[in-house]
Amino acid sequence: MTTVQNLNVGLIGGGFMGKAHSLAYAAMPMFFWPAPAMPVRRTIAEATPELAAEAAQRFGFQNSTADWRQIIDDPDIQVVDIATPNHLHAEIAIAAAQAGKHIICEKPLARTGHEAKAMYDAVKDSNVVHMVAFNYRRTPAVALAKKFIDEGALGRILNFRGTYLQDWSADPNAPLSWRFQKSLAGSGALGDTATHVIDLARYLVGEFSQVNALASTWIPDRPVQSSGADSLGNVQAVDGPRKEVDVDDEIMTMIRFAGGAVGSIEATRNAYGRNNYLTFEIHGTEGSVVFNYERRDELQVHFASDPADRSGFRTIYTGPAHPYGGALWPIPALGIGYGETKIIEAHDFFEAIMGSGTVSPNFADGYQVALIDDAILESVSTGKWVDVATVVD
Ligand code: NAI
Ligand code: SOE
C-alpha cells in the first residue's frame, strides 16, 4: 500500500477563496495519486470567532481561530495559505516566512511593488517554498497554448490581445466591498482581474518592457457593504451610506514585450453580459491560438502551414492527451471547472514542498506583476509610455 506523508495547512480567510482552496485540499489526492503529501486541514482563521467556527465546520478544518497569528505560532503547521483581502497579504506572508512556513498567497501578491518586494525578500531569506495563486495558468487549454508556443508551433510571437471582462459591479448599487477601496485592495480591476491576464501574458509571451495605459472609474460611490466577505455585486440593502470608490473600474493598457512582441490588455467589472470573460488571442509568424475561459475546455488553433482548402481555426477539446490530463477526467470535454484549476495548483505547490523546492508562479512572479501594475498606474497618471522595472535578486 502507498503511504503518503501528511502536511498540516493553516488557511487564513474563509470567503470565496477559502472555499476554493479547501475544496482543492480535500480533492487533490483524489485526482493526483499518489499525492506528493496529504493536505490536512488543520486550522482556519476568520475575522471573528463565530465566522471561524462556522468556516471550520463547513470547510472541514480541525480547529478555528479569530487570530491568524495562532496559525503562524503553531509548530505543527507547515503550510500557510493566505486567502484574505489584499491588505493583509504582506503582514501575514512576512510573519509566515519568518516562522519557516511554506506559503501560498492569493493574487494580487501585494497592493504595490514596494509591498511585494518586502514579501519576496522575506521568503528568500527564510528559504521556504512560495507560490502566488494565479490559477488560470493551470487551465489545461492555457497550458496547451504554452506547449505549442514553446515547441515553436506558432513561430515568433508577434502579439498578445487579452481581456478580462465581468459585470458583477456594473450596477451602481452593487455594494462597496474591500475590492473598491484602495487602502484594502491596492487598485480596482487592475489588481483584481487584469493581473490574471498579465500573469498569462508573461507566462505565454514573456517579460513586459513598457506599458501605456488609461483607467476609468465609472461609478464614483457605492453603498457600503454591511458584511465581511465580498458579496461580488449582490445588491443588498442599498439605503445605507454611500462611500467613494477610489480605484479603477476599468483599465486598458498597450504593452511592449522585451522579446519584441506587442500587446494589449483590457479589464473591467462593468461589462454587462460578460461573466468571466478571460480571453487571449496570440498571433505568431506560423499560427495563432485563441482562448476564452468561458469555454475553458477549448483551445482554438490555426497553423499557417495548413493547406489552403482547409485553412481556418479548429477547436481542440482538452482531455487526457493534454497538460494535467492524466490526473483529470478520462474523456475530452467532460468539462473542467474553476475547482480543477485550484486542485492542480494545490498539487504543484505540494510537489514543490516535497521535492523540487520551487514552483511557478511564485513570489518573484507576484512581485514582477506588482511592478507592472505600478508602471500601468504611473502611465495612467502621466499619459506616457512607462518602462517596467525588473525584479532584482
Ligand atoms: P472574500 O471577501 O470572499 O473573503 C475574504 C475573507 O477574509 C472574508 O470571509 C473575511 O471575513 C476574511 N477576513 C478578513 N479579515 C480577516 C482576518 N483578519 N483574519 C482572517 N480572515 C479575515 O474575498 P475572496 O474573493 O475570497 O478574496 C480573497 C483573496 O483572494 C483576495 O486577495 C482576492 O484578490 C483573491 N481572489 C483570487 C481569485 C483567483 O481566481 N485566484 C478569485 C477570488 C479572489
Ligand atoms: C472578482 O473580480 C473575482 O473574484 C477576482 O477577484 C478573481 O481573481 C477572479 O478569478 C474572479 O473574479
Item to complete: Identify the single condition in (1) touching a helix residue (DSSP H, G or I) at 6+ places or on another chain (Cβ under 7 Å); (2) crowded, with 22+ Cβ neighbours inside 10 Å that residue 126 does not satisfy, given that it satisfies every other one.
Response: (2)
Discussion item. For region 10-36, give me the residue count where each residue is buried (at least 20 other Cβ atoms within 10 Å of the Cβ) and either aromatic (Phe, Trp, Tyr) or closer than 30 Å to residue 330 by Cα (or both).
Written reply: 11
Worksheet entry | Residue pairs meeting the criteria (Cβ under 6 Å; at least 6 apart or on separate chains; first closer than 18 Å to residue 282 by Cβ, in region 296-317; second of a type in the set (Val, Ile, Thr) and surrounded by fewer than 16 Cβ atoms within 10 Å (Cβ to Cβ)) | 298/315; 300/315
Worksheet item: Does residue 214 satisfy the criteria of being under 30 Å from residue 158 (Cβ atoms), in contact (Cβ under 8 Å) with a residue 40 or more places away in the chain and among the aliphatic types (A, V, I, L, M)?
Response: yes
Practice prompt. Given the conditions (1) at pLDDT below 95; (2) under 19 Å from the mean Cα position of the chain (by Cα), report the number of the one that residue 346 does not fulfil.
Written response: (1)
Item to complete: Tally the residues that are among the polar types (S, T, N, Q) and free of Cβ contacts under 8 Å to residues at least 60 places away in the same chain, restricting the search to region 71-100.
Response: 1
Fill in: Scope region 328-345; condition within 14 Å of ligand 1 (Cβ to nearest atom) and not aliphatic (A, V, I, L, M); matching residues
337, 338, 339, 340, 341, 342, 345
Item to complete: Just give me the residues in region 1-26 being in a helix (DSSP H, G or I), more than 15 Å from residue 68 (Cα to Cα) and out of contact with any Gly (no Cβ under 9 Å at 6 or more places or on another chain), in sequence order.
Response: 16, 17, 19
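Looking at 158, 184, 190, 109, which is the one that is aliphatic (A, V, I, L, M) and either on the phi > 0 side of the Ramachandran plot or away from ligand 1 (no atom under 12 Å from the Cβ) (or both)?
None of the other options fit; the residue is 158.
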Response to the item:
residue 291 meets each of (1) surrounded by fewer than 20 Cβ atoms within 10 Å (Cβ to Cβ); (2) more than 25 Å from residue 367 (Cβ to Cβ); (3) in contact with a Ser or Thr (Cβ under 7 Å, 6 or more places away or on another chain); (4) not hydroxyl-bearing (Ser, Thr, Tyr) with one exception, condition (1)
Worksheet item: Looking at (1) more than 15 Å from ligand 2 (Cβ to nearest atom); (2) surrounded by fewer than 24 Cβ atoms within 10 Å (Cβ to Cβ), can you tell me which one residue 85 breaks?
Response: (1)
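Residues checked against (1) surrounded by fewer than 15 Cβ atoms within 10 Å (Cβ to Cβ); (2) at negative phi; (3) of a type in the set (S, T, N, Q); (4) part of a loop (DSSP other than H, G, I, E, B):
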position: 300; (1), (2), (3), (4): no, yes, yes, no
position: 312; (1), (2), (3), (4): yes, no, no, yes
position: 322; (1), (2), (3), (4): no, yes, no, yes
position: 336; (1), (2), (3), (4): no, yes, no, yes
position: 340; (1), (2), (3), (4): no, yes, no, no
Fill in: Qualifying position, being at pLDDT 95 or above, within 16 Å of ligand 1 (Cβ to nearest atom) and small (Gly, Ala, Ser), among 312, 325, 366
366
Item to complete: For region 253-264, state whether one or more residues are closer than 19 Å to residue 17 by Cβ, more than 15 Å from ligand 2 (Cβ to nearest atom) and not aliphatic (A, V, I, L, M).
Response: no
Worksheet item: Any chance region 2-17 includes a residue that's within 16 Å of ligand 2 (Cβ to nearest atom), among the hydrophobic types (A, V, I, L, M, F, W, C) and closer than 21 Å to residue 97 by Cβ?
Response: yes
Response to the item:
When every residue in region 354-373 that is surrounded by fewer than 19 Cβ atoms within 10 Å (Cβ to Cβ) and among the polar types (S, T, N, Q) is compared, the one farthest from the chain's Cα centre (by Cα) is 356
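The values are calculated or read from the model by the stated rules, or taken from the named source; none is laboratory data. Since we're looking at a predicted model, the values are computed, not measured. FYI the Cβ positions are ideal-geometry reconstructions off the backbone, even for glycines, and counts take in every protein chain you see.
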